[in-house]
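Contents: one structure, followed by commentary.
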Amino acid sequence: MNKKELMRAYRQMYLARAFETRVAEQYTRGRIGGFCHLYTGEEAVAVGALWHLRPEDYVLGSYRDHAYYLIRGGDPRKAMAELFGHSDGCCKGKGGSMHFCDAGMNFFGGYGIVGGMCPIAVGLGLAAQRLGEKRVVVCFFGDGATNQGVYHEALNMGTLYQLPIVWVCENNQYAIGTSVPRSSAVESMSRKAAAYGMPAETVDGMDFFKMQSVSERAVARARAGKGPTFIEAKCYRYRGHSMSDPATYRSKEEVEFWRQRDPLPRMRAAIRHDFEAEDREFEEVEAEVGRLLSEAVAFAERGRELPVERLYEDLYVDEAAASPTSAGPA
Amino acid sequence: MNKKELMRAYRQMYLARAFETRVAEQYTRGRIGGFCHLYTGEEAVAVGALWHLRPEDYVLGSYRDHAYYLIRGGDPRKAMAELFGHSDGCCKGKGGSMHFCDAGMNFFGGYGIVGGMCPIAVGLGLAAQRLGEKRVVVCFFGDGATNQGVYHEALNMGTLYQLPIVWVCENNQYAIGTSVPRSSAVESMSRKAAAYGMPAETVDGMDFFKMQSVSERAVARARAGKGPTFIEAKCYRYRGHSMSDPATYRSKEEVEFWRQRDPLPRMRAAIRHDFEAEDREFEEVEAEVGRLLSEAVAFAERGRELPVERLYEDLYVDEAAASPTSAGPA
Amino acid sequence: MPKVTYREAINQALAEEMRRDARVVVFGEDVAEYEGSFKVTRGLLKEFGPERVFDTPISEAAIVGAAIGAAIGGMRPVPELMTVNFAYVAMDQIVNHLAVMRYMFGGQVRLPVTIRMPGGGGHQLGSQHSHSAEPLFTHVAGLKVVYPATPADAKALLKAAIRDDNPVIFLEHEGLYNSSGEVAEGLEAGRIGEAQVLREGSDVTLVAYGAMTHVALEAADALASEGLRAEVIDLRTLRPWDQGRVADSVARTHRAVVVEEAPPVCGIGAEVAATITERVFDRLDGPILRVSGADVPLPYARQLEQACIPHAPDVVRAVKRLMQGAW
Amino acid sequence: MPKVTYREAINQALAEEMRRDARVVVFGEDVAEYEGSFKVTRGLLKEFGPERVFDTPISEAAIVGAAIGAAIGGMRPVPELMTVNFAYVAMDQIVNHLAVMRYMFGGQVRLPVTIRMPGGGGHQLGSQHSHSAEPLFTHVAGLKVVYPATPADAKALLKAAIRDDNPVIFLEHEGLYNSSGEVAEGLEAGRIGEAQVLREGSDVTLVAYGAMTHVALEAADALASEGLRAEVIDLRTLRPWDQGRVADSVARTHRAVVVEEAPPVCGIGAEVAATITERVFDRLDGPILRVSGADVPLPYARQLEQACIPHAPDVVRAVKRLMQGAW
Ligand SMILES: Cc1ncc(C[n+]2csc(CCOP(=O)(O)OP(=O)(O)O)c2C)c(N)n1
Ligand SMILES: Cc1ncc(C[n+]2csc(CCOP(=O)(O)OP(=O)(O)O)c2C)c(N)n1
Ligand SMILES: [Mg+2]
Ligand SMILES: [Mg+2]
């Protein structure tokens, strides 16, 4: 990769990181509601996993979804507006933090049910395969999702039909307050996945280079019609599970250990190692992103919720099928 | 094992086999209704797996459950009466073929939902463990069940809590008309189970000796508090999936191949090999079982269904909670 | 008109829609090589090949999830769940994904998924295999729910379901598969949401759906022989349902009985009774009564099971209670 | 009497029942070390140790199944599903196993399982996290369903549920956890199946449960200021429910409105309306009206979500429609 590409990767990671910082601010100010899960610390996983995708490829993942959307090219203004619950949000304010989606760029969400998106990834892969399209599906989920039945059903189907899927397990080692050894009989997610007959690898998810190289192989394999690949990305979330979790179940030392592996400084150092790069160059990227995000917040501040009269829209394609009966409160 | 023990094992297998023959007869005569799945061909699996159990141990399995019930000591009369839908059946005629149960001998059913009994086995194991009882749980399920999500959840929990469970996968190679390679990305059930961190072995389920020896280790391990074991018993059902399946999806050669491995003649040969045993001795056992089964049929013929007035019984422990509203047809 | 069975009618609808639109795919447990455990998908693998008709593992949740994804990806999946009883293991995918996704993503996806599920009681299949789960699905906003009573409706409505851009739960009654009826050559797609008056009458309205439609018709016959003229309405679609047609009828007859195979609590009968009472309260001569399945899991024993399912005499009794003011 | 919160009341009930009976065990996702995602199980691990209070993987189906097995094996499990929305992945274990097993095995097993599930809307959690699933559970024969509105009822009824030898779905409203109320020292187990008249009145009966009980009370206040006396009944238990008490009230007031947070179709309101109409038709001055949750998945945006949930003015409006004969 040349310097320009690396700077682009750095920008994506920084964008994902800085966006979450703004989100936390706005959440604390009460402008964002509901459950809100930040991706802070895991940026290298998503940036690396999505690095080799083309626009026609499908992406989906869990509720910790701001980063996927932004990295795929989503508009930070629409993202922030969604969090504010406004009609110009990426889901008109109906989805919120957990349910970002942008059909136009083939990002199909943001799901709140642990593991629930895995079979949907199977279906997208099936459609691509049967319609003779060369699309690849990347599906993100957490370590906790591997204990959910439907996840296993989905992994089995993926291999059985040799679908073009890249399964990316973000093993951040916790499902809310429960650590992997306290919830999974087998701690290695890739060993668990080997039961489904596909290449399965564990990589350092705090390292963009490792992530992008393993995903390069996986995406190529999928695109070549050779079936799914499983990637276990060992990573860490610096914050609590969601905005309301103080994360007291983790020791300072543990957090510090992973802070030392922060993907952003590592990326900066790597770029500096391979190329000439001045502080100013990084600062410029960061400033540009900062402006974008300020604009996003300003945009969100200007927006409005959908009027209540439009509550029944978007339920059915033929709106008449929705039935605001006399029983409804609205 | 001495000759007496082997003859007892033979008798159990023969009982299970001969019972199914009677069931098929009665089914064809229209005296038995519903879905009816016969165990014919798989007898060595259940007899071997249950060989080392004590009365206090728990057993449960799928809808193909007549054999479990009989081998554990269930009364063939109550079994046949259940199939006739009569009130003196083991479940008062409410369960039918798929839902045999005898709480008194710790046989807890007979379930119609593929894989659905697996977490219930976890619960029984949990109770035994937490109440400090030395009970073991044996849970039977088919190859097809390994594609059902809850099965995976259950297996994980079993190991996580180190429960006293013996998982017995009756790999008869078909789930209705779908063969294992057409439904499972990994064909080896024990390899699949290894993802849950417990000893997992594949054995010849047509061979009583192999079955009993692997289950001896498994039961001992469970009883010693060392956690679950997984046994994949490779076997074959000679009949269709249920009484209504002509099983045209299997070749004559394949069926013949497995007929050659029929556990009953094999057992007779083994007994003859190790001990003196005359035809007469086997014939005596068979005649005794035959009388028992004729009696069972006669018993069932004499029985009656519960009166319709008792329809609402057994729903709640406090019968008043059941609500035969005016809306009910009865 | 040619007579075909309910089973054949459904099979025809599948085949015709698959011919019409290459994006229609059929999958599920044993639907391809085995041709369906009720043989509804007979011949489809042969005609359309394994790319469009394929078997799945016993993974209902993933089957529904795969249908969702395939729909987003541009197909029109028509998965079969072997029976409605197994829909419970897929309930999260149905209720929490399929039904809500279009809404929660602000209308960005279309979900032309038709899930076929045989169900109902009467074959001594016991407590885990005899559900009438229509109240559970009908409760859920975002789904459409269809339950045909006749071969013609089965065909026309399945075509409509497959062409519908919304998720449709398509319920088939196992006891009706062998029933036959006239199905016009070249029958086109029907309309989801329209009830049908099968028999006109002025004394009482019998509202039914699925297998119970035939029970209602039988009851109407019995009532006729006693001089009572019952109007029989087959709902055909449970969500959305044809409130207008039912209300009009009840406004004329002043009395109604809903016949449903499912147990009563929070059921279809309750919904019809509550809604119609609200709409035509002043025209009612008595409460809208329900004749529902018994409020127990279905037992295996034949007579016990039969006692759980409404029969014509149960309906006749309810109508008489109503006529006599003895509810 | 000491004031405690709904959360504390539930916590007290758990602790007291665990002290009373060593067979009572609590498990679920994050209930032990993390003390519950809503902190309802605070202190239990510390007092009762990891043998009786333990964390599980994210495996709701297996959690429910394990509870079933543990109950058969002699324990009295009180699993927590982190929220009601996740019950759908366990639906098969709940509907097809827990609810039917005693029946299909001819009464051979007792299933003293109490599944606690927080639920309800109002916190902008969006379409997959804001369900009011009570109609689905209430539909199912073999279950009991409890939904307390106050700390005292939460405590008394949870104790009753834990001591009950039948499966109980115990619903808790997330919006009530911080609400407080008087709970008598040494409060004993309540009675499942009994409604409570919270306020007497003669003009209309408001029937509610859970969080909606408070909406009904607020509406009654508003109506009172206009001279209308509303009787407010808190059902407290949805299955079995107290038909007698509601029917008596409506027979006196001649009018009723049911307030439910869940969407209307095949809901609690429909069941109450259908049943009570049948029982007291002649005493009714108008149809029993429903004020229900909107018939959509709950959206995230604050006002949109609020528009989905019944509020006192909605109830007042319904009562006025009823009084004016304008339904
Ligand atoms: C089926 C289901 N059960 C429980 C929850 C509640 N819940 C939300 S996130 C979460 C932890 C998930 O952990 P993991 O999969 O590791 O993802 P992470 O949050 O660490 O990214 C839980 C239990 C849920 N959303 N869905
Ligand atoms: C959840 C569920 N899905 C589908 C079915 C229908 N069904 C009954 S038995 C069966 C095949 C099961 O095969 P296997 O587990 O291998 O057991 P076997 O019948 O071979 O003993 C299927 C699909 C069911 N009972 N439960
Ligand atoms: Mg995690
Ligand atoms: Mg099998």
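Values quoted throughout were computed directly from the atomic coordinates according to the rules given, and no laboratory measurement underlies them. Just so it is clear, the model here is predicted, and its values are computed rather than measured. Cβ atoms come from the backbone with ideal geometry, glycine included; neighbour counts cover every protein chain shown.
Projecting the Cα atoms of B:G142, D:I58, A:S213 onto the dipole axis of the protein assembly as shown, where Lys and Arg carry +1 and Asp and Glu carry -1 at the beta carbon, places A:S213 farthest toward the positive end.
Identify which of C:K46, C:K159, C:K144 has the largest mean-square fluctuation in a Gaussian network model of chain C, with springs joining Cα atoms closer than 10 Å. Ranking C:K46, C:K159, C:K144 by mean-square fluctuation puts C:K46 first.
A cut-off of 5 Å between modelled amide H atoms, ignoring neighbours fewer than 5 places along the same chain, links C:A256 with C:T205, C:L289. Karplus-based coupling profile of segment D:34-41, in residue order and whole Hz: 7, 6, x, 6, 10, 6, 7, 9, with θ = phi - 60° in 6.51 cos²θ - 1.76 cosθ + 1.60 and x standing for Gly or Pro.
The angle separating the long axis of helix D:243-253 from the principal Cα axis of greatest extent in chain D is about 20 degrees.
Only sites in a loop by DSSP and with at most 12 other Cβ atoms within 10 Å count here; which GluC sites (Glu not before Pro) in segment D:254-327 make the cut? Of the GluC sites (Glu not before Pro), not one in the loops of segment D:254-327 has a Cβ with at most 12 other Cβ atoms within 10 Å.
Peptide B:126-139 has a mean of 4 when you count, residue by residue, the C-beta atoms of other protein chains within 10 Å of its C-beta. Charging the Cβ of each Asp and Glu at -1 and of each Lys and Arg at +1, and nothing else, the dipole of chain A about its Cα centre rounds to 480 debye. For segment A:223-251 versus segment C:85-150, the inter-centroid distance based on Cα atoms is 32 Å. Of all DSSP-defined beta bridges confined to chain A, some 10% are antiparallel rather than parallel.
Within segment A:237-330, which chymotrypsin sites (Phe, Trp or Tyr not before Pro) sit in a loop by DSSP and count at most 14 neighbouring Cβ atoms inside 10 Å?
Of the chymotrypsin sites (Phe, Trp or Tyr not before Pro), the ones in loops of segment A:237-330 whose Cβ has at most 14 other Cβ atoms within 10 Å are A:F275.
Just so you know, the Cα atoms of segment B:166-311 work out to an Rg and Dmax of 20.0, 58 Å.
Each 20 Å bin from zero holds the following percent of Cα-Cα pairs in chain D: 33, 57, 10, 0.
For segment C:196-324, averaging the sequence separation of C-alpha pairs within contact (under 8 Å, six or more residues apart) and dividing by the residue count gives a relative contact order of 27 percent.
Ranked from shortest, the separations from the 7 Å Cα-to-Cβ label point of A:P246 to its equivalents in the other copies are 7.1 nm. Across the identical copies, the 7 Å label point of D:R317, projected outward along Cα→Cβ, sits 4.3 nm from its counterparts, in ascending order.
Pairs of alpha carbons in chain B separated by more than 37 Å make up 16% of all such pairs. From a point 7 Å beyond the Cα of A:R54 in the direction of its Cβ, which residues of segment A:120-156 have a backbone N at a distance under 19 Å? Backbone N within reach: A:124-139. Across segment B:217-233, rounded Karplus estimates of 3J(HN,Hα) from the backbone phi angles (6.51 cos²θ - 1.76 cosθ + 1.60, θ = phi - 60°) give 4, 5, 5, 4, 4, 4, 5, 7, x, 8, x, x, 9, 10, 10, 9, 9 Hz, Gly and Pro being marked x.
For chain C, the relative contact order comes to 16 percent (Cα pairs under 8 Å, sequence separation of at least 6). Mean sequence separation of contacting Cα pairs (under 8 Å, at least six apart), scaled by the length of segment A:3-327, corresponds to a relative contact order of 22 percent. For the protein assembly as shown, divide the Cα radius of gyration by the Kirkwood radius and give the resulting Rg/Rh value with two decimals. When Rh is taken as the Kirkwood radius, the ratio is 0.96. With both residues required to sit in segment C:196-324, DSSP beta bridges show an antiparallel share near 20%.
Summing +1 for each Lys or Arg and -1 for each Asp or Glu, what net charge is found among the other residues whose Cβ lies under 11 Å from the Cβ of C:A99? Neighbourhood net charge equals +2.
Stretched out straight at 0.36 nm per residue, the stretch from D:N178 to D:K46 would grow longer than its current Cα-Cα span by 45.2 nm. On the beta carbon distance between B:T248 and C:D248, with R0 = 51 Å, the FRET formula returns roughly 0.50. Cα centroid separation, segment B:4-46 to segment A:135-198: 41 Å.
Applying 1/(1 + (r/R0)^6) with r as the Cβ-Cβ distance of B:F275 and B:V317 and R0 = 56 angstrom yields a FRET efficiency of 0.65.
Near C:E194, once Lys and Arg are set to +1 and Asp and Glu to -1 for all other residues with Cβ below 9 Å from its Cβ, the sum equals +2. Each label was represented as a point 7 Å from its Cα along the Cα-to-Cβ direction; for D:H123 and C:R283 these points are 4.6 nm apart. Spin-label model, D:Q306/B:E216: points 7 Å from Cα along the beta carbon direction are separated by 7.3 nm.
The mean number of Cβ atoms from other chains found within 10 Å of a Cβ in peptide D:107-118 is 3, as a whole number.
Could you tell me whether segment D:3-182 comes out rounded, prolate or oblate from its Cα gyration tensor? Rule is a ≥ b ≥ c as square roots of the eigenvalues, rounded for a/c under 1.5, then prolate if a/b exceeds b/c, otherwise oblate. The shape class here is rounded.
Spatial offset of segment A:69-131 relative to segment C:162-193 amounts to 34 Å, using the alpha carbon center of each. When only the Cβ of Lys, Arg, Asp and Glu is charged (+1, +1, -1, -1), the dipole of the protein assembly as shown relative to its Cα centre reaches about 1160 debye. Chain A residue nearest by beta-carbon to the axis mapping A to B, with distance in Å: A:G149, 1. Here the simple spin-label model places points 7 Å from the Cα toward Cβ, and for A:R182 and C:E218 these points are separated by 5.9 nm.
Within segment C:17-47, find all residues whose amide N lies under 20 Å from a label point positioned 7 Å from the Cα of C:E185 along Cα-to-beta-carbon. Only C:17, C:19-20 pass the distance filter. Bridges between two residues of segment B:126-218, per DSSP, are antiparallel at a rate of about 25%.
In terms of other Cβ atoms within 10 Å, B:F209, D:F137 run from fewest to most in the order B:F209, D:F137.
The convex hull around the C-alpha trace of segment C:196-324, projected and averaged over every direction, spans 7.4 square nanometres. Placing a label point 7 Å from Cα along the Cα-to-Cβ direction at A:P265 gives distances to the equivalent points in the other copies of 7.6 nm, listed shortest first. Give the shape of segment A:246-296 as rounded, prolate or oblate, defined through the alpha-carbon gyration tensor: a ≥ b ≥ c are the square roots of its eigenvalues, a/c under 1.5 means rounded, and otherwise the shape is prolate if a/b is larger than b/c and oblate if not. Oblate shape, in that a/c is at least 1.5 and b/c is the bigger or equal ratio.
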